[in-house]
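Here the structure is laid out as structure tokens; the discussion comes afterwards.
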Amino acid sequence: MTETTHHETQDTGLETCHEAWDDTLDAIGLICPLPVLKARKRLLSMAPGQVLRLLASDPAAVIDVPHFCQEAGHQYLAMTDHGESQSYLIKRG
């Protein structure tokens, strides 16, 4: 797997926010508990401090991802709603 840093620009109306991540996991279409289980596995392969961007469409992920981060010692950075899916930024603890 090649590690690259990606950038996303989000216009909030007041300012432009730049978020960077080290890896992306596409869990769109997967249902609970698979998005969190796959995120856990991917984060274990990443170095502490690196950021994972998790893409998910499971409605339960809105609750599951922050809870997982708290329980596993990772930092939940942000969630962006894209309509039928969301992206979550998780910093490896």
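The values are calculated or read from the model by the stated rules, or taken from the named source; none is laboratory data. As the structure is a computational prediction, the values presented were derived from the model and not from experiment. Methodologically, a virtual Cβ is constructed for each residue, glycine included, from the backbone with ideal geometry; neighbour enumeration extends over all protein chains shown. Areas reflect the complete protein model, heavy atoms only, side chains present, ligands, DNA and RNA absent. Shrake-Rupley method; radii C 1.70, N 1.55, O 1.52, S 1.80 Å.
For the stretch 61-67, take each phi angle, set θ = phi - 60°, evaluate the Karplus expression 6.51 cos²θ - 1.76 cosθ + 1.60, and give the result in whole Hz per residue in order, putting x for glycine and proline.
Coupling constants for the stretch 61-67: 4, 4, 8, 5, 5, x, 5 Hz.
Ignoring ligands, DNA and RNA, what percent of the 1.4 Å accessible area of the stretch 37-93 is carbon and sulfur? Walk me through the numbers before you get to the answer.
Numbers: 1590 of 3090 Å².
After summing per-atom areas, the C and S share lands at 52 percent.
Which cross-chain or sequence-distant (5 or more) residues have an amide H under 5 Å from the amide H of A78, H modelled 1.01 Å from N in plane?
Close amide H contacts, sequence-distant or interchain: L89.
Can you compute the FRET efficiency between L44 and D81 using 1/(1 + (r/R0)^6), with r the Cβ-Cβ distance and R0 = 30 Å? Round to the nearest 0.05.
Result of the calculation: an efficiency of 0.65.
What is the dipole size for the stretch 29-83, taken about its Cα centre, with +1 at each Lys and Arg Cβ and -1 at each Asp and Glu Cβ, in debye to the nearest 20?
In total the dipole reaches around 260 debye.
HN-Hα J couplings of the stretch 22-29 from phi, Karplus 6.51/-1.76/1.60, θ = phi - 60°, integer Hz, Gly and Pro as x?
9, 8, 10, 10, 8, 10, 5, x
Let me know the shape class of the stretch 12-92, please: from the alpha-carbon gyration tensor, a ≥ b ≥ c as square roots of the eigenvalues, rounded when a/c is under 1.5, otherwise prolate if a/b is greater than b/c, or oblate.
The shape class here is oblate.
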